[in-house]
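Engineer: The structure follows.
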Amino acid sequence: MAENKKVLVIGGGMSGLTAAVEVAEAGLEAHIVEKNPYLGGRVAQLNKYFWKLCPPNCGLEIQFKRIRNNALVKWYTLAEVQEIKGDEGNFDVTIKIQPRYVNDKCVGCDACAQACPSYRNNDFNFGMNQSKAAYLPHEQAFPFQYVIDATACQKDCQKPCLDACKYSAIDFAMKPETISLNVGAVILAAGWNPYDPAKLDILGSGGFKNVVTNMMLERMASADGPTAGKIIRPSDGKPVKNVAFVQCAGSRDENHLPYCSYICCLASLKHALYIREQYPDAKVTIYYIDIRTPGLYEPRFYWKVKEDPNVAFIKGKVAGVSEEPGGDVVVDVEDIYAGGKVKTKFDMVVLATGMEASSLAQGIGVPYSSDGLVDDTTLRKGFYAVGTMKSPADVARSVQDATAAAIKSIQSVKRR
Amino acid sequence: MAEEKKEAQAVTAEATATPEAAAPPEPFTGVTVTPDLEFVDAIIKSGGESLKRCYQCATCSVVCNLTPSDDPFPRKEMIYAQWGMKDKLFGNPDIWLCHQCSDCTAYCPRGAKPGEVLNAVRKLSIENYSVPRFLGKAVGNPGSLVLLLAIPVVIFLLILAGLGHLNLESIRNAEGKIAYSSLIKSYYIDGVFVPVFFFAVASLAIGVSRYWKDMIRSTGLQPKGGIGSAITATIGEILAHKRFEKCNVTKSRKLSHMLVFFSFIGLAITTAWAVLYLYGYEIMHAMGKTPYSWLRGPSPYPLTDPMKWLANISAVMLLVGILMVMNNRKKNEAKAGKGSYYDWLLIYIIFAVMATGILSELFRLADLALPSYLIYFSHLVVVFFLFAYAPFSKMAHMLYRATAMVFAKATERDVEIT
């Protein structure tokens, strides 16, 4: 059999992009399959990286540039791998692609969105706001191409959109399509989802407006987010002057995620800085079991945040949350060092929810461990899992791991 | 240690309240603990095998509806248990304020089962305060079960042999009926059970008073007068099973415990009633008077007698109650844990008391002499077990827990019970 020089990369987030460009720059063909209408994954939703506090977009831009300059990288958005058959060196892949209803003629002029009469919940911002049914996923979206949410844009909605587009870029006749690929190796980089707060019954089951998740706060703090970068409370838009962070919301808990999610302590430390930057008089309380800051520089970041007298660290896991009529949120905790069970009121509470590995279609044949993660050693030959599919990790470590997976897949393809 | 802890509290309070305070707080110098590993091992062997999984997150203290807010349980008890800090645990009202709702166990992120660990600590606490100590150890040890059962077997066999009543088949009363009072006259039974009763009361009284003193010493709290009112309030609460209502995971326990509890009261009244029937009759007889017609004399009594109604109703309540206890434990096993030998010993003894009691009555009514007398004999054995070993078995919970509740009320460190 001829050498199969193609590598499939499931997931177009930071890990998948990295793995794909590394593979392509070594002369193989990389095919990225991304479920969202844009590439960049979770990193695209971030405001700043800890601990350097630089904007993630610079890292993403570099990867996008490498992709654009390399003809060996192909990518499919709104696409999901349904099935993979075969063996190492000869995998038959079935990919289902959902219609975007916007073709490559789109120039991103925004005319369709302006004309569109219907709205949809903006999942990029975790439903904190709405976008038009014809929308650009986010301001820095790559590809810079609009999408139409057909379930939100039916009948009467369609004509104004069509009429508004001067480039004949809108096509409501698009249908879902299925394509096939033959690849030599597969990189699993489907990434992670924030743990669903609805499963945390003692933390309000996701039912309180002013109890948000860390990723929601990340969107609020982002200039292109639902509040244009202002951290305000969702129920009434009030500036937040007293915010609590609930660490290990679902993590290190055998009833939920049995493992430490690695990033949540650092994310909350970063979020404390966001809040303190916006409101010089605001107070932040971080409730924790242990503050975990893995890495060389990360503990120093913790020490820096700790110097701020308005940021308090209280040892004790929050195990009760309730909402008052005015929208304030009361947390229930044992302050272990002070020795008492206390109820404390806050303007807003942030759940430091952890990372759950994304699930893959059954037909791909990837077993998950009882912890809900992918164990590299249980995968078939020619499959390589990356980053947060295997265990929670920050962006830097995911990128390192993606490079490692790229090398493994190159070896896999080359050695036959 | 207590003082050092208060110092640590003060430091924390200051750090959060006035962060810009000029003088840096005295550094916390720590606490020296010598772990008592044997004690840790004893907890593990008594059903607390999960204790080392605890990582002190305090979820348990927060989800517990029975803990006082001030110095709540069971988080602190978990670390005392991990370090084998026996004195902190035995003289601790909180181990008994805990009713093992198992809300903590259900929500524990590590499967450390605080409910089960505290249950094991309670067992060791009963053992610690038991007089004599060897009985305390024996009741908690499965290896001693046969020996403990052998004691009443031998006692009652000796009595029967002495009376020449080993020919069970042919024992009948004057009317030719099966009568347990003809097998062993009540005086012999009472000759055993009255001393056993006083022994149990005395042993429990010593244990409870030691526990009370230890609580004062270990908590540094003093009862603020009004122990009488604390006792009254505690009794009221126990009768109404108020604390069980605050449990979430094991809500269903309230009814089963109530049934067992009130059937015991019913059976206690039955016993007193029977004593009156027998001894009232005998005393009047001895005084040369004609006993009142309602004083029925020696058993058996007809089923139409109100005393029998109470006895039979209580027996059925106990049967239903104890079966519910068993069923609840099985049902809640996944969330609350499977329970220990010590728990199941009491459950099975109560079940045996009830089963042998009911069967004695049924076989007697069916006029089956041998099974009747054999079952009645086992009934005496298990009743002896229940009462004589009450200060050392889980039965003692009724007094230790009540004492802790009185202490909590008297020292005004209690959860609000509504």
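The values are calculated or read from the model by the stated rules, or taken from the named source; none is laboratory data. Being a predicted model, the structure only gives us computed values, none of them experimental. Note that each Cβ is placed from the backbone with ideal geometry, even for glycine, and that neighbours are counted across all protein chains shown.
Engineer: Has the stretch B:261-268 got at least one residue that is farther than 30 Å from B:S182 by Cβ, assigned by TED's automatic domain parsing to the domain that holds B:I184 and assigned to a helix (DSSP H, G or I)? Quick ask: steps written out before the conclusion?
Structural biologist: Initially, the stretch B:261-268 is screened for residues farther than 30 Å from B:S182 by Cβ, giving B:261-262.
If we keep only those that are assigned by TED's automatic domain parsing to the domain that holds B:I184 as well, we get B:261-262.
Still in the running and assigned to a helix (DSSP H, G or I): B:261-262.
Within the stretch B:261-268, one or more residues are farther than 30 Å from B:S182 by Cβ, assigned by TED's automatic domain parsing to the domain that holds B:I184 and assigned to a helix (DSSP H, G or I).
Engineer: Starting from residues that are out of contact with any Lys or Arg (no Cβ under 9 Å at 6 or more places or on another chain) and hydroxyl-bearing (S, T, Y), keep the ones in the stretch A:336-362 and report whichever is nearest to the other protein chains (Cβ to nearest Cβ).
Structural biologist: A:T344
Engineer: May I pose another question? Can you find even one residue in the stretch A:147-155 that is in contact (Cβ under 8 Å) with a residue 60 or more places away in the chain and either of a type outside the set (S, T, Y) or part of a helix (DSSP H, G or I) (or both)?
Structural biologist: yes
Engineer: State all residues of the stretch B:342-363 that are within 30 Å of B:Y107 (Cα to Cα) and out of contact with any Leu (no Cβ under 9 Å at 6 or more places or on another chain); if no residue qualifies, say none.
Structural biologist: Correct list: B:Y342, B:D343, B:W344, B:I347, B:Y348.
Engineer: So, of the residues in the stretch A:330-379 that are among the aromatic types (F, W, Y) and at pLDDT 95 or above, which turns out to be surrounded by the fewest Cβ atoms within 10 Å (Cβ to Cβ)?
Structural biologist: Checking each candidate, the answer is A:Y368.
Engineer: Same structure, new question: Looking at (1) modelled with pLDDT of 95 or more; (2) surrounded by 18 or more Cβ atoms within 10 Å (Cβ to Cβ), can you tell me which one B:L239 breaks?
Structural biologist: It is condition (2) that B:L239 fails.
Engineer: Taking the stretch A:99-138, which residues are part of a strand (DSSP E or B) and either of a type in the set (A, V, I, L, M) or touching a Leu at 6+ places or on another chain (Cβ under 9 Å) (or both)?
Structural biologist: A:V102, A:A134
Engineer: Applying the selection to the stretch A:241-252, what residues are buried (at least 24 other Cβ atoms within 10 Å of the Cβ) and farther than 20 Å from A:V342 by Cα?
Structural biologist: Of everything in the stretch A:241-252, those that are buried (at least 24 other Cβ atoms within 10 Å of the Cβ) and farther than 20 Å from A:V342 by Cα turn out to be A:G250, A:S251.
Engineer: I'd like to verify a number: residues in the stretch A:113-168 that are closer than 23 Å to A:P194 by Cβ and among the β-branched types (V, I, T), how many?
Structural biologist: 1
Engineer: For residues that are hydroxyl-bearing (S, T, Y) and in a loop (DSSP other than H, G, I, E, B), scanning just the stretch A:361-392, find the one that is nearest to the chain's Cα centre (by Cα).
Structural biologist: Out of the qualifying residues, it is A:S391.
Engineer: Can you tell me how many residues in the stretch A:46-63 are surrounded by fewer than 18 Cβ atoms within 10 Å (Cβ to Cβ) and either within 13 Å of the chain's Cα centre (by Cα) or more than 22 Å from A:I263 (Cα to Cα) (or both)?
Structural biologist: 2
Engineer: Check A:G225, A:G206 and return the single one that is in contact (Cβ under 8 Å) with a residue 24 or more places away in the chain, out of contact with any strand residue (DSSP E or B) (no Cβ under 8 Å at 6 or more places or on another chain) and in a loop (DSSP other than H, G, I, E, B).
Structural biologist: Numbers: A:G206 fails: in contact (Cβ under 8 Å) with a residue 24 or more places away in the chain.
After ruling out the rest, the residue left standing is A:G225.
Engineer: Residues of the stretch A:346-360 being in a strand (DSSP E or B) and closer than 18 Å to A:Q247 by Cβ, which ones?
Structural biologist: Hits for the stretch A:346-360 are A:F346, A:M348, A:V349, A:V350, A:L351, A:A352, A:T353, A:M355, A:E356.
Engineer: Report whether or not A:D224 is farther than 21 Å from A:K283 by Cβ and either of a type in the set (G, A, S) or away from chain B (no Cβ under 14 Å) (or both).
Structural biologist: On the way: farther than 21 Å from A:K283 by Cβ: yes; either of a type in the set (G, A, S) or away from chain B (no Cβ under 14 Å) (or both): yes.
Yes.
Engineer: Identify, please: which residue in the stretch B:53-65 is surrounded by fewer than 24 Cβ atoms within 10 Å (Cβ to Cβ) and under 26 Å from the mean Cα position of the chain (by Cα) and is, among those, farthest from the other protein chains (Cβ to nearest Cβ)?
Structural biologist: The selected residue is B:N65.
Engineer: Is it the case, given these coordinates, that B:L303 is out of contact with any strand residue (DSSP E or B) (no Cβ under 8 Å at 6 or more places or on another chain) and farther than 30 Å from B:R110 by Cα? It would help to see each step written out before you state the result.
Structural biologist: Values: out of contact with any strand residue (DSSP E or B) (no Cβ under 8 Å at 6 or more places or on another chain): yes; farther than 30 Å from B:R110 by Cα: yes.
Considered against the rule, which asks whether it is out of contact with any strand residue (DSSP E or B) (no Cβ under 8 Å at 6 or more places or on another chain) and farther than 30 Å from B:R110 by Cα, B:L303 comes out as yes.
Engineer: Let me ask something else about it. Can you confirm whether A:A404 is part of a helix (DSSP H, G or I), at pLDDT below 95 and either surrounded by fewer than 24 Cβ atoms within 10 Å (Cβ to Cβ) or at positive phi (or both)?
Structural biologist: no
Engineer: Still on this structure, I have one more. Looking at B:D70 and the list (1) within 14 Å of chain A (Cβ to nearest Cβ); (2) of a type outside the set (S, T, N, Q); (3) touching a Leu at 6+ places or on another chain (Cβ under 8 Å), which single condition is not satisfied?
Structural biologist: Here B:D70 meets the rest and fails (3).
Engineer: Quick check on my filter: what residues within the stretch B:272-295 are surrounded by 12 or more Cβ atoms within 10 Å (Cβ to Cβ) and of a type outside the set (F, W, Y)?
Structural biologist: If the condition is that a residue be surrounded by 12 or more Cβ atoms within 10 Å (Cβ to Cβ) and of a type outside the set (F, W, Y), then B:A274, B:V275, B:L276, B:L278, B:G280, B:E282, B:I283, B:M284, B:H285, B:P291, B:L295 are the ones that fit.
Engineer: On to the next question. Within the stretch A:240-273, how many residues turn out to be over 20 Å from A:V333 (Cβ atoms), more than 14 Å from chain B (Cβ to nearest Cβ) and touching a Lys or Arg at 6+ places or on another chain (Cβ under 8 Å)?
Structural biologist: Residues flagged as over 20 Å from A:V333 (Cβ atoms), more than 14 Å from chain B (Cβ to nearest Cβ) and touching a Lys or Arg at 6+ places or on another chain (Cβ under 8 Å) within the stretch A:240-273 amount to 2.
Engineer: Considering (1) surrounded by 19 or more Cβ atoms within 10 Å (Cβ to Cβ); (2) closer than 21 Å to B:K308 by Cα, say which one B:T234 fails and leave the rest.
Structural biologist: B:T234 satisfies every listed condition except (2).
Engineer: So, one more: Does B:A106 qualify as being surrounded by fewer than 23 Cβ atoms within 10 Å (Cβ to Cβ), touching a residue at least 12 places away in the same chain (Cβ under 8 Å) and within 14 Å of chain A (Cβ to nearest Cβ)?
Structural biologist: yes
Engineer: Determine, yes or no, whether A:T77 is more than 14 Å from A:Q145 (Cβ to Cβ) and either outside the structural domain of A:F124 (by TED's automatic domain parsing) or over 17 Å from the mean Cα position of the chain (by Cα) (or both).
Structural biologist: Answer is no for this residue.
Yes or no, residue by residue, for (1) over 23 Å from B:L380 (Cα atoms); (2) at pLDDT 90 or above; (3) outside the structural domain of B:C101 (by TED's automatic domain parsing):
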| residue | (1), (2), (3) |
| --- | --- |
| B:N248 | yes, yes, yes |
| B:T271 | no, yes, yes |
| B:Y281 | yes, yes, yes |
| B:P291 | yes, no, yes |
| B:S299 | no, no, yes |
| B:P306 | yes, yes, yes |
| B:L319 | no, yes, yes |
| B:F351 | no, yes, yes |
| B:S360 | no, yes, yes |
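Engineer: Pick out the one residue from A:K199, A:K209 that is over 15 Å from the mean Cα position of the chain (by Cα) and within 14 Å of chain B (Cβ to nearest Cβ). Write out each step before concluding.
Structural biologist: Working: A:K209 fails: within 14 Å of chain B (Cβ to nearest Cβ).
Being over 15 Å from the mean Cα position of the chain (by Cα) and within 14 Å of chain B (Cβ to nearest Cβ) holds for just one of A:K199, A:K209, which is A:K199.
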